[in-house]
Amino acid sequence: MDSILRELLPSDLGRLVSLANDENVSRYLVYTFPYPYTPADAEWWIATGSKQNGAITRVILYGGEFAGLVGITPQTGWRDHLAEIGYWLGTKYWGKGIATSALKQMTDYGFASLGLKKLYAPVLAPNVASMRVLAKCGYELEGVLKSEVHKAGRIYDIHQFAKIVSKDHSGKPVLPSSAL
């Protein structure tokens, strides 16, 4: 069963808190994803954080249930052709191929609908499962940024993954046929 993506709604608050308030979920995520994860954090994310800087955030549905989130944050200026992509799932949904399905859909959307040329994903060094998801979706390791992130009293390397839009034999971009 593949995942389905949909808009994030104010009515998702309770489910968001329920899944996100898990130390195993937040362990390798950015500073805007705190632990413990409170209703106030979810309110901020739904109203503001999920849309900051032009971000596009989607709920990952699996079997009709809110399983996690996936999002794209477009860059600006001389980097306006690329965006950061990220995702997370509640622990009950790990290891089922859901993140891979959601990442493929959001990647296709970024290239086909947003006209992006490159998507990148920074991953904390211990998060090997996320690195496997990215590799399954055609993302390649571009490099490792040493001692890049300080989180919860530890310093982590970042493994920078990226995917560049494919080109045909004449050099024209080959865009996915699907879009959200």
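The values are calculated or read from the model by the stated rules, or taken from the named source; none is laboratory data. Just so you know, these numbers come straight off a predicted model, no measurement behind them. A quick note on method: Cβ atoms are made from the backbone with ideal geometry, for glycine too, and the neighbour counts reach across all protein chains shown.
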Looking at the structure I just gave you, is D41 of a type outside the set (A, V, I, L, M, F, W, C), closer than 28 Å to H150 by Cβ and in a helix (DSSP H, G or I)?
yes
Can you tell me which residues in region 1-37 are among the basic types (K, R) and surrounded by 18 or more Cβ atoms within 10 Å (Cβ to Cβ)?
none
Filter pass, T100 being under 17 Å from the mean Cα position of the chain (by Cα), β-branched (V, I, T) and modelled with pLDDT of 95 or more:
yes
Kindly provide the set of residues from region 119-145 that are over 21 Å from L5 (Cα atoms) and in contact (Cβ under 8 Å) with a residue 40 or more places away in the chain, ordered by number.
V123, L124, P126, N127
Residue that is surrounded by the fewest Cβ atoms within 10 Å (Cβ to Cβ) [pool: residues in region 110-141 that are within 15 Å of the chain's Cα centre (by Cα) and among the polar types (S, T, N, Q)]:
N127
Go through region 51-65 residue by residue and tally those that are within 26 Å of R79 (Cα to Cα) and surrounded by fewer than 18 Cβ atoms within 10 Å (Cβ to Cβ).
5
For region 62-84, how many residues meet the condition of being in contact with a Leu (Cβ under 6 Å, 6 or more places away or on another chain) and hydroxyl-bearing (S, T, Y)?
0
Working only within region 48-83, note down all residues that are among the aromatic types (F, W, Y) and without any contact (Cβ under 8 Å) to a residue 24 or more places away in the chain.
W78
